[in-house]
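The numbers here are math on the coordinates, done by the rules we state, and not lab data. No experiment lies behind these values; they were computed from the predicted model shown. Positions of Cβ are generated from backbone atoms using ideal geometry, with glycine treated the same way; all protein chains shown enter the neighbour counts.
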Amino acid sequence: MASERIEIGGFTVDPQGPVAGFAPAGLPSFRATGRDGRQGVAVLCRNEHPARLRMLLRLLEETDLPGLLRPLAQGVTGWGGSAVRAVIYEAPPGPALMRPGQRSEPMREGDLVQNVVRPIGRALLALADLGLTHRGIRPDNLFRSGSGPVVLGDGVCTPPAFAQPAVFEDVASAACLPTGRGDGTLADDLYALGVTLVALATGEWPLAGRDDASVIRAKLEQGSLVAVVGENRLPGGIATLARGLLAEDPERRPPPAELVGWPGTARTRVVAARPLVRASRTLRIGPAEVRDTRSLAYALGRHWQAGIEALRSGSVTVWIERALGQPKLANQVRELLGPAPWDDGGPIDGTLSRVIAALDPQAPLFWQGHALMPDGLGAVLAETLLAPSSSALPLAALDSLLSDSVIPRWATAPGDRRVDRTALDRSARQHRLVWRNQALGFGPERLLYALNPALPCLSPLLAGEPAGTVPAVLAALERRAAQLPGDALPLDRHLAAFLAVQMDGRLDEALAAVGKARTAAEAAVATIAVLAELQRVHRLGPLPALAGVLAARAEPALQTWREKTRRERAAAELSSVAASGDLGRLHALFADPEARARDSLGFAQAQQEAREAAQAIAMIRSGRTAREAEARLVGARIAHGAGLIVLALTLLSLSGL
Amino acid sequence: MARSSAVTSDSSSGKGRKPRESRRGSLAFWALGVATGALLGVALPTGLLLALGLAPSAVAMVADNSRGRWTARAVLVFNLAGLAPALRSLWLEGHTLGALARVAFRFDGLPLAYAAAAFGAALPLVASWAVLAVLEARAAMQVARLEQRRAALRENWGDSVDEPATGESQPQARSEHRNAQVVASNPASRRMAARGG
């Protein structure tokens, strides 16, 4: 743990002052003090579980966020040898309402409505106005002082709903990888509020001690309300509210505006979901026994190999048709399976994924035993690439997910699914192109930074220097220039991908030129072009150390100038231009396009001139015979002329004149 | 049509040039014969002196086949200059065959005419040597200047600038030019060039 104080957005963070019970998912959090003495809490995010930067920046702009603990500042800082994003929150007014798994005194109905339902309703209303979701509503993320209203804690320092126990998420979200739950909708927050109310009203953590799979199974078998409430009794008003908030149909959950005025604004609605058709006999998928289509979908998705075997054997379609009595659905599944021979190891994974989607249109995308929402892909990618573990999506599964267009194919499976199929198809094509492209500035790293804008640059060349923006990256490179190993260029795949994303693809050609360079010197010149463009666009100050390193790497490229005077002039100016730190001028010494064109044209003209001179010399040397003939002719004419003069003088003298 | 007629007229004039020159030569020959006959008939001593005195010119005319026959012409004018004193003496001493015999063998008679003709034959040779010397000097100066220019080009652009054009060097030059164009088309480079970088 670092012991030096850290400066973030005008706040000084004290690493010696940890704050317990505030940050989600075990993120380190410390006391922070503003320049004006304002107290706050700094939360240090993890790169493999990136923060929600878009939401964070939006909240930082807002001055009025009722019911929400406000973020005050954010930035990238060095922590534990790597760069991480840090968020400063205003200090919570008091402790959390409940610790995970703990029992507490049940809250009275009036207290719940007055100090929990209404403030959170206002918070959700404010978030809804901003087009945001919180995805972190749970008892240990609600803070209050004494008997005052609660404020809702962090919802940005991790991927959406990453820290939510399965019980606080509906079945679709709970089944997902924690990183892959996506932003979700307001209905997800309302569901989490419903479970939270049950926990606070009963004083018990719902379904405490049970693992995620059994929580999901309980909700599938009993329905959310029964599974969450269990044997407990809820106060009358809270029971009504919880029934609405935990409705299986998201459309039937009461909106935030209704919560703000609860119970005066309560509207009567039918909250009972359409009853699921249950089969006359169970179907075994691996260890699971299912009785309805929804349970079947989740069992197939969770027990992937057993699901494939069940599909191949035809037992699934037969069960749907005969035991469940849904021949139409059985035919849909048969159509999805198609006439393919199932024993040759064909693309069964994609088919199974679509069958699950057809069985339960509200289910997440299941892929090789894991589930995720399409908008949760970025965080899943970050976890797989940066912290691969048994709980993360395996790299091979991620590769096939991106390469085989799984997401758009899943979106087009039968059923009413609230996704923009065109947008998903377009983004999947882009992701596949980027993922497969091995050029510098593309590949997995590019997708990582494109889908996770909160990530700082993770290049090993920066050695943990905090850099979350282009100017910060160049400043870090300037500081690290002297320590660059050997002949290494100050540009690697991480840096290239980060810069490409930050520049919205405007550097793609220039970065590709670095990758295509045939020599180290050429690569250095191309790197100068990239960094010079960044220095120009961001109007950065001089970077003499970086320029010096690049000049040394690129010096052999001066020999490519054809004209000696230009070459000598460039070599003479190299050190002084590098010392000035102006990368644009440095680049011009090597590859000013107009000068290059002039040099090339000048060389061609010089070649032509030399060729003509050689031809003229050869012609002169071989022309002696012609000159002799000319000399004879001219000599004879001169003699003739002289003879005429002599004749004239003779005649004149003879005539006596 | 106009072109074909022009070609036709050119070709016809080309065809008719040789016979026309031949006709002119024979006409001159006959004119000379008539004039010589008339001269011998009217002024026999003068005619004989001219025939004897201009014999070297006649030989030169026959021997010189060069275009324009400038050597023969030089011999003729010097020959005439050398014979002029003898003609004057012949006419002043009575214009008789006896006077012709006296005049012809004096020093200023045929010897002077023949000596002048010999000088006229030697002078083109000597003059051509002088002219050739001048031309050679001028060519040597040109070669030196061109060699100097080639050396300067090699000095400024490297030895490859003076290498004979091979199948590789030209594509290489074209490739470099293309590379320069590619670099110029790079937006980053263009922007830097635009701001004078």
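For region A:92-179, which trypsin sites (Lys or Arg not before Pro) are in a loop by DSSP, counting at most 14 other Cβ atoms within 10 Å? Counting only loop positions with at most 14 other Cβ atoms within 10 Å, the trypsin sites (Lys or Arg not before Pro) in region A:92-179 are A:ARG103, A:ARG108.
Partners of A:LYS564 within straight-line reach, counting aspartates and glutamates whose Cα lies under 12 Å from its Cα and excluding those fewer than 8 residues away in the same chain: A:ASP599, B:GLU155, B:ASP159. Between A:ASP399 and A:ALA25, residue separation times 0.36 nm minus the direct Cα-Cα distance comes to 131.9 nm.
Would region A:423-470 count as rounded, prolate or oblate if I go by the C-alpha gyration tensor, calling it rounded below 1.5 in a/c and otherwise prolate when a/b exceeds b/c, oblate otherwise?
It comes out oblate by the Cα gyration axes.
Rounded to the nearest 0.05, what FRET efficiency do B:ALA151 and A:LEU644 give with R0 = 51 Å and r taken as the Cβ-Cβ distance? Could you check? Taking R0 as 51 Å, the efficiency between B:ALA151 and A:LEU644 is 0.60. When both bridge partners sit in chain A, DSSP labels roughly 95% of those beta bridges antiparallel. Quick one: angle between helix A:421-436 and the longest Cα principal axis of chain A, in degrees between 0 and 90, rounded to 10, please. Between the helix axis and the principal axis of chain A, the angle is about 50 degrees.
For chain A, the longest principal axis of the alpha carbon atoms and the long axis of helix A:118-129 meet at an angle near 30°. Under 1.5 on a/c is rounded, so check that first for region A:183-241, then, if it is not, pick prolate when a/b is larger than b/c and oblate when it is not; a ≥ b ≥ c are the square roots of the alpha carbon gyration tensor eigenvalues. Oblate is the answer for region A:183-241, as a/c is 1.5 or above yet b/c matches or exceeds a/b. Here region A:52-131 and region A:446-494 have alpha carbon centers that stand 31 Å from each other. Its alpha carbons considered, region A:477-591 gives a radius of gyration followed by a Dmax of 13.4, 40 Å. Report, in degrees rounded to the nearest 10, the 0 to 90 angle that the Cα long axis of helix A:470-480 makes with the longest principal axis of chain A. In chain A, helix A:470-480 runs at an angle near 70 degrees to the longest axis. Shape analysis of the protein assembly as shown yields a ratio of the Cα radius of gyration to the Kirkwood radius, Rg/Rh, of 1.43. For the pair A:SER653 and B:VAL34, a Förster radius of 41 Å applied to the C-beta separation gives a FRET efficiency near 0.80, rounded to the nearest 0.05.
Mean partner shielding of peptide A:586-595, defined as the number of other chain Cβ atoms within 10 Å of each residue Cβ, is 5. For the pair region A:404-437 and region A:149-195, the centres of their Cα atoms are 24 angstrom apart.
Determine the calculated [θ] at 222 nm for the protein assembly as shown from helices alone, applying -39500 (n - 2.57) to every DSSP H run no shorter than 4 residues and normalising by the residue count; nearest 500 deg cm²/dmol.
Values: 36 runs with 483 residues, N = 854.
Result for the protein assembly as shown, helices only: -18000 deg cm²/dmol.
Its alpha carbons considered, region A:138-268 gives a radius of gyration followed by a Dmax of 14.2, 39 Å.
What the Cβ-Cβ distance of B:ALA144 and A:GLU594 gives, at R0 = 41 Å and to the nearest 0.05, is a FRET efficiency of 0.65.
How many partner chain Cβ atoms sit within 10 Å of a residue's Cβ in peptide B:65-74, on average, as a whole number? Per residue, the number of nearby Cβ atoms from other chains is 5 on average.
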